[in-house]
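Below is one structure, written out as structure tokens, with a few remarks after it.
The values are calculated or read from the model by the stated rules, or taken from the named source; none is laboratory data. No experiment lies behind these values; they were computed from the predicted model shown. Because the Cβ atoms are built from the backbone with ideal geometry, glycine has one as well, and the counts that use them run over all protein chains shown.
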Amino acid sequence: MKFKLMSRVAAMIMIMGFAVSVNAQTATEAVDALKDGVAKSQTKDYLGAIESFKQCISIYDQLGETENENRATASAQIPNMQYKQAIGLYKEKKYDESIAAFETLKEYSETYNDPKNLKRAKSTIPKLYYAKGADLYKAKDYTGAIEALDKSLELDPKYPMSYVRKAQVYKDQNDEANFKTSVDGAITAAVAKKDTKTEATAKRLAGSFYLKAGANAVKSEKYADAEKHFNTLMEYKEVDTDIYYQLAVIYNKQSKWEKAIEAGNKSLELFKDAGTTKDAKIYYELGNSYYGKGDNTAACDAYSKANKGDYAEGAKYQMEHVVKCK
């Protein structure tokens with residue numbers, strides 16, 4: 001009986017010893033997995049490092065050592081490794097792969113309680129869609145560009161450069177309605193962020209678009225369109241003598257005499273080349289406006305002031321043969 005009891009105790013000691021041995025070996029494996037993760041991270045094998053850190057965590061969890069310091073270290077490194085993997089793909093312009101990697105970073109950041117990397121992921125993904133859209137725009141894949149830029153704005157409606165790129169797409173497509181919506185969105189977002197550089201970029205883009213559209217409409221004798229484009233231009237570009245001069249010409253072509261006179265006088269107010277004959281064209285248009293209105297006295301006065309430089313011959317003819325100024 002005594003022999004049986006001793007045998008049973010000896011067996012239990014052997015089993016307990018084996019268990020201790022297994023536990024010791026497993027803890028060593030956890031440390032080895034942690035070291036392996038560090039080594040892989042140093043060679044920029046970030047995905048391999050993540051797998052090693054996960055293995056380390058898994059072993060400690062099996063041991064019930066959820067508060068182990070090494071486990072905490074491994075947990076903290078997983079989001080960092082994923083960020084490096086994602087940002088590396090971004091730098092290589094592998095946008096789709098990088099977007100997927102940052103989405104994984106969001107998951108890891110939530111799982112391992114890393115608010116810093118979660119914020120990084122959320123702020124970077126819209127920029128990635130913007131970068132993708134910008135590249136597709138350069139490649140003239142307008143459909144793909146709009147799709148990517150819309151996704152960028154869905155994630156961050158206040159990112160002004162995505163609106164700018166959309167405006168560029170619509171400018172190339174001569175889609176005035178969508179162009180204006182996009183460029184206005186860019187300006188609103190830029191002002192909200194106090195981003196004066198992007199605001200200026202959007203306004204220059206709009207100025208270029210409407211100046212060209214207005215000039216083309218004048219050339220095509222579509223004066224109502226030209227009037228609309230030049231008036232819209234003033235929403236984005238600082239008004240100057242030339243814009244009002246163009247409007248004076250456009251209003252005259254439509255027999256809108258009062259508006260032509262108003263535009264002509266504003267053009268003169270902004271005229272800065274005193275001592276030159278460059279204002280002759282403004283006075284000539286004013287002469288046309290007053291004559292059209294039926295105010296011959298004012299027409300003669302305007303034509304007399306236009307009687308210089310390149311407009312001398314035309315102004316003299318108007319005074320002598322059309323209005324018959326005295």
* Index of the failed condition, Gln168 passing every other in (1) under 30 Å from Val249 (Cα atoms); (2) touching a residue at least 12 places away in the same chain (Cβ under 8 Å); (3) surrounded by fewer than 19 Cβ atoms within 10 Å (Cβ to Cβ) -> (3)
* Among Lys84, Lys94, Lys54, which is charged (D, E, K, R) and over 30 Å from Lys138 (Cα atoms)? -> Lys54
* Asked: Could you say whether any residue in the range 20-30 is within 13 Å of Ser75 (Cα to Cα) and at pLDDT below 95?
  -> yes
* Structure fact -> Per the filter on the range 214-235, residues closer than 22 Å to Ala202 by Cβ and in contact with a Ser or Thr (Cβ under 9 Å, 6 or more places away or on another chain) are Gly214
* Any hit, the range 104-114, residues being assigned to a loop (DSSP other than H, G, I, E, B), surrounded by fewer than 20 Cβ atoms within 10 Å (Cβ to Cβ) and at pLDDT below 95 -> no
* Asked: Taking the range 115-141 only, how many residues are surrounded by 19 or more Cβ atoms within 10 Å (Cβ to Cβ) and either at pLDDT below 95 or over 17 Å from Ser152 (Cα atoms) (or both)?
  -> 1
* **Scope the range 171-186; condition in a helix (DSSP H, G or I) and surrounded by fewer than 23 Cβ atoms within 10 Å (Cβ to Cβ); matching residues** => Lys171, Asp172, Glu176, Ala177, Asn178, Lys180, Thr181, Asp184, Gly185
* **Selection status of Asn265, over 35 Å from the mean Cα position of the chain (by Cα), buried (at least 20 other Cβ atoms within 10 Å of the Cβ), assigned to a helix (DSSP H, G or I) and among the polar types (S, T, N, Q)** => no
* **Selected residue [among the hydrophobic types (A, V, I, L, M, F, W, C) and under 18 Å from Tyr223 (Cα atoms)] from Ala312, Ala306, Ala263** => Ala263
